[in-house]
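Reviewing the structure listed below.
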Amino acid sequence: MTIRAHVLGAAAGGGLPQWNCGCENCNLARTGHIPAQTQSSLAVSADGHNWAVLNASPDIRTQLAAAPALHPTGLRDMPISSVLVTNGDIDHIAGLLTLREMQRFDLFATSEIHSVLQQNPIFDALRQGVVERCQIALDTSFELACGLTATLFAVPGKVPLFMEGDEVQTDLMGEQTVGVELTAGASRVYYIPGCAQLTDGLRARLQGATALFFDGTLWRDDEMVVAGLGHKTGKRMGHMSMSGADGSMAAFDGLDVGRKIYVHMNNTNPVLRPGSAEKIEAEAAGWTIGQDGMEITL
Ligand code: MLT
Ligand code: MN
Ligand code: ZN
């Protein structure tokens, strides 16, 4: 058995173009010179019939419309059996509101992320008894979809942006930011759209993986500051950058991972421009730049 992965959205929160952004990439995407990308989501399946959606982005309506494998198979029959969220950020939970309409599915998350949803009564639109909220303990395997086993594990991260207090710890290890291990047959695939740091423990876990979808938010840590778009670095946002001595390309160098695919790219990231020097450099380091609609069998 293999794992089918479909990149529903390759961009980070905001998407490409972002509604209020006049940066070079956003302008190029608006004028059709580079491909637009929707917000962070990956669909996975082991049998090609039952799918799990990993993170429900605000763009999920158009993402599903563009993915025939995820279309209804009957009047109210959906091939999506579950949705899993890896943190409580808006780009990963707002799409849950689109998934109302009394449709049954399992909603998987840690208890901490479920409590973020419970604190926001708007999510009660996903009715109890229709959508089953399943609390998943870290490092405990469960069936995510037919034939597809998943395990959630802590990765360094932070609380959702809208819950930040005055002091923010950006490398918290706990239930607020998780990675997902997916297994089916001999395939072992990881989905980690947000990660502040590649710890030794994480390195050991990922060794020998069939494939990895990993946090590609920024090319360099001060990219948004240099572009004049704000004061936040990647580190402050809980994301490790691609380039540099402490970047993900260097951190994964020498690690045995079959396919390495960047996802969750911020709209400022130069790898989103086909033919850019940065994209070529990332590809030379063995990475694929994720794109909306990309389908991979692993
Ligand atoms: C992030 O990944 O840093 C968040 O999606 C930021 C946000 O919620 O806009
Ligand atoms: Mn995000
Ligand atoms: Zn922009």
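The values are calculated or read from the model by the stated rules, or taken from the named source; none is laboratory data. Here the structure is a predicted model, which means the values were calculated and not measured. All Cβ positions, even for glycine, are placed from backbone atoms using ideal geometry, and neighbour counts span all protein chains on display. All accessible areas refer to the heavy atoms of the entire protein, side chains included, with ligands and DNA or RNA removed. Shrake-Rupley method; radii C 1.70, N 1.55, O 1.52, S 1.80 Å.
At-a-glance table
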| quantity | calculated |
| --- | --- |
| Straight-distance crosslink candidates among lysines, where the alpha carbon sits under 18 Å from Lys260 and sequence neighbours closer than 8 are dropped | Lys279 |
| Cut-off 19 Å, label 7 Å out along Cα→Cβ of Val130, residues of the range 75-101 by amide N | 75-84, 93-101 |
| Rel. contact order, % - alpha carbon contacts under 8 angstrom, at least six apart, the chain | 20 percent |
| In Å², nearest 10: area of Met294 left accessible to a 1.4 Å probe | 40 Å² |
| Cut-off 15 Å between beta-carbons: net charge of the residues surrounding Leu64, Lys and Arg +1, Asp and Glu -1 | -2 |
| Under the Karplus curve 6.51 cos²θ - 1.76 cosθ + 1.60, θ = phi - 60°, whole-Hz ³J(HN,Hα) for the range 41-49, x wherever Gly or Pro sits | 6, 9, 9, 9, 8, 9, 9, x, 10 |
| Cα pair distances of the chain binned at 10 Å [whole percent] | 6, 30, 38, 21, 4, 0 |
| Nearest-10 value in Å² for the accessible area of Lys232, using the 1.4 Å probe | 50 Å² |
| Cβ-based net charge around Gly194, under 12 Å, with every Lys or Arg adding one and every Asp or Glu removing one | -3 |
| Computed E for Ala66/Arg259 - FRET, C-beta separation, R0 25 angstrom, nearest 0.05 | 0.65 |
| Sequence-distant residues sharing a close amide H with Gln37 (under 5 Å, placed H) | Leu16 |
| Cα-centred dipole magnitude for the chain, charges only on beta-carbon of K, R (+1) and D, E (-1), debye, nearest 20 | 580 debye |
| Cα shape, the range 34-142, gyration tensor, a/c 1.5 rule | rounded |
| Nearby lysines by direct alpha-carbon distance to Lys235 (threshold 17 angstrom, same-chain neighbours under 8 apart not counted) | Lys158 |
| For the chain, with +1 on Lys and Arg beta carbons and -1 on Asp and Glu, the positive-most of Thr268, Ile93, Thr31 along the dipole | Thr31 |
| Prolate/oblate/rounded call for the range 169-275, Cα gyration tensor, a/c under 1.5 rounded | prolate |
| Additional length obtainable on full extension of the chain from Asn27 to Ile90, 0.36 nm per residue less Cα span | 20.3 nm |
| Dipole magnitude (debye, nearest 20) for the range 185-272, charges at Cβ of Lys, Arg, Asp, Glu | 220 debye |
| Residues with amide H under 5 Å from that of Leu54, placed H, sequence gap 5 or more | Leu42, Ala43, Val44, Leu84 |
| Inter-probe distance in nm under a simple model that places probes 7 Å from Cα toward Cβ, at Cys146 and Val225 | 5.1 nm |
